[in-house]
Amino acid sequence: MPRDNRPDRKPASPLAGLGAYPQLRMRRNRTVPWLRALVAEHRLAAADLIWPVFVQEGKKAREPIASMPGVERLSIEALVDAAGAAAELGIPAIALFPVVPIEKKSADGEEACDPDNLANRTIRALKREVPEIGVICDVALDPYTTHGHDGLLRDGKIVNDETIEVLVRQALAQAAAGVDIVAPSDMMDGRIGRIRQALDAAGHEDVALLSYAAKYASCFYGPFRDALGSRSALGQGDKRTYQMDPANGDEALRECALDIAEGADMLMVKPGLPYLDLVWRVKQAFAMPTFVYQVSGEYAMLAGAVERGWLDSERVFMESLLAFKRAGADAILTYAAVDTAKRLKAG
Ligand code: PBG
């Protein structure tokens with residue numbers, strides 16, 4: 001891997017270095033919109049987008065999330081409608097996050113494995129009512145644990161192998177409910193291989209595995225934890241014994257290599273914009289389907305500035321999402337998926 005950001009696959013153009021001002025004027029290709037369109041190297045399409053959604057119990061159709069302007073928690077019914085609209089806009093898939101009622105949370109997060117929990121009921125409703133949209137579901141315990149961690153806590157430590165046993169049962173319950181892609185976001189070692197084996201043994205060989213492989217211990221997940229009510233659960237705790245240190249880049253490549261060997265179908269880099277170097281490096285290194293998550297804190301920064309009139313909503317989201325494409329991302333999880341798809345459709 002080259003240490004700098006120059007592409008190592010594309011050789012330099014044979015014309016590079018030959019032209020010089022005033023014969024060469026780079027602005028010539030930028031003079032008019034049609035020419036700019038012809039020379040554009042990357043393009044964003046609705047087909048690149050995955051919409052992360054929050055589902056909650058009860059009849060109340062929608063409830064705003066203070067730290068994510070424009071994002072709402074939806075009831076199953078409202079989500080089914082919204083998913084239908086998203087599919088119509090050309091969004092290929094949604095990523096589902098359940099808001100688990102406090103009384104269903106426990107130290108061991110056992111609710112995660114209940115075939116009739118909120119996530120699994122939602123998966124069934126979506127696959128029944130909107131079969132044309134792909135459904136991705138997180139595999140991790142944090143929405144279900146009273147301590148807010150992604151794994152089991154024993155004597156103050158997150159225990160890896162015991163956690164995997166629960167994650168396997170969680171993934172199996174989601175597969176039985178009809179999920180298309182399971183997305184382990186927990187960062188336990190070895191879980192991809194174990195989940196793959198278990199899915200295959202249960203006849204779910206078509207259920208795909210999207211590994212949150214390069215997932216960092218990031219402050220940018222704050223608003224997401226508000227949305228789920230897991231921030232107060234986690235309190236002063238952090239996830240640094242399992243999520244990656246933002247100081248490290250090479251380590252992300254090792255995480256990806258291991259998950260590929262264990263059977264991951266797609267890789268994820270998360271967060272997005274602050275980790276664009278990793279999107280680039282992972283795509284270059286493995287040529288695997290590489291997804292990126294524009295996480296809640298990134299969304300909050302942009303949407304917050306838009307709310308204050310400091311940034312233009314359409315332009316700033318288009319630009320940030322295009323940056324992911326330029327870095328090599330195949331698909332982008334973004335809370336702005338629906339607005340973006342509408343804007344792309346309007347042209
Ligand atoms: C849970 C999970 C998190 C996100 C996705 N899955 C939060 C965390 O790891 O604490 C964050 C998504 C976002 O911030 O938008 N394992």
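Projecting each Cα onto the charge dipole of the chain (Lys/Arg +1, Asp/Glu -1 at the beta carbon, about the Cα centre), which of N29, A233, A95 comes out farthest on the positive side? Comparing the listed Cα positions along the dipole, N29 ranks first. Can you give me the relative contact order of the chain as a percent, contacts being Cα pairs under 8 Å and 6 or more apart? Normalised by residue count, the contact order of the chain is 18 percent. Only beta bridges with both residues in the chain are counted; by DSSP, about 15 percent of them are antiparallel.
In the range 43-346, taking the dipole from charged Cβ atoms about the Cα centre, the farthest positive-side position among C219, A82, A341 is held by A341. Net charge of the neighbourhood of I50, taken over other residues with C-beta under 13 Å away and scored Lys/Arg +1, Asp/Glu -1, is -3. Mean sequence separation of contacting Cα pairs (under 8 Å, at least six apart), scaled by the length of the range 110-217, corresponds to a relative contact order of 29 percent. Per-residue surface analysis assigns K157 an accessible area of about 140 Å², computed on protein heavy atoms at 1.4 Å probe radius.
Among the lysines of the chain, pairs that are 8 or more positions apart or on different chains and have alpha carbons within less than 23 Å of each other number 24. Rg and Dmax over the alpha-carbon atoms of the range 15-54 stand at 17.1, 55 Å. I need the shape label for the range 49-96. Rule: rounded when a/c is under 1.5, else prolate if a/b > b/c, else oblate, with a, b, c from the alpha carbon gyration tensor. Taking the square roots of the gyration eigenvalues as a ≥ b ≥ c, the range 49-96 is oblate. Compared with the dominant Cα axis of the chain, that is its longest principal axis, helix 191-201 is turned about 70°. Within the full protein context, the accessible area of D81 is estimated at about 110 Å² for a probe radius of 1.4 Å. Taking Cα atoms only, the orientation of helix 118-129 departs from the longest principal axis of the chain by about 60 degrees. Relative to the longest principal axis of the Cα atoms of the chain, helix 296-307 runs at roughly 60 degrees.
Computed with a 1.4 Å probe over protein heavy atoms only, the accessible surface of the chain comes to 48 Å² per residue. All Cα-Cα distances of the range 232-330, cut into 10 Å bins from zero to the largest, leave 14, 39, 30, 16, 1 percent in each bin in turn. Judged by the ratio a/c of the largest to the smallest principal axis of the C-alpha gyration tensor, the range 43-346 counts as rounded, that ratio being less than 1.5. The charge dipole of the range 190-299, taken about its Cα centre with unit charges on the Cβ of Lys, Arg, Asp and Glu (plus for the first two, minus for the last two), comes to roughly 260 debye.
Taking the Cα centre of the range 43-346 as origin and assigning +1 to Lys and Arg Cβ atoms and -1 to Asp and Glu Cβ atoms, the resulting dipole is close to 680 debye.
The values are calculated or read from the model by the stated rules, or taken from the named source; none is laboratory data. The structure displayed is predicted, hence computed values, not measured ones. No Cβ is skipped: glycine too gets one built from the backbone with ideal geometry, and neighbour counts run over all protein chains shown. Quick note on the areas: whole protein, heavy atoms, side chains included, nothing else; ligands and nucleic acids left out. Shrake-Rupley method; radii C 1.70, N 1.55, O 1.52, S 1.80 Å.
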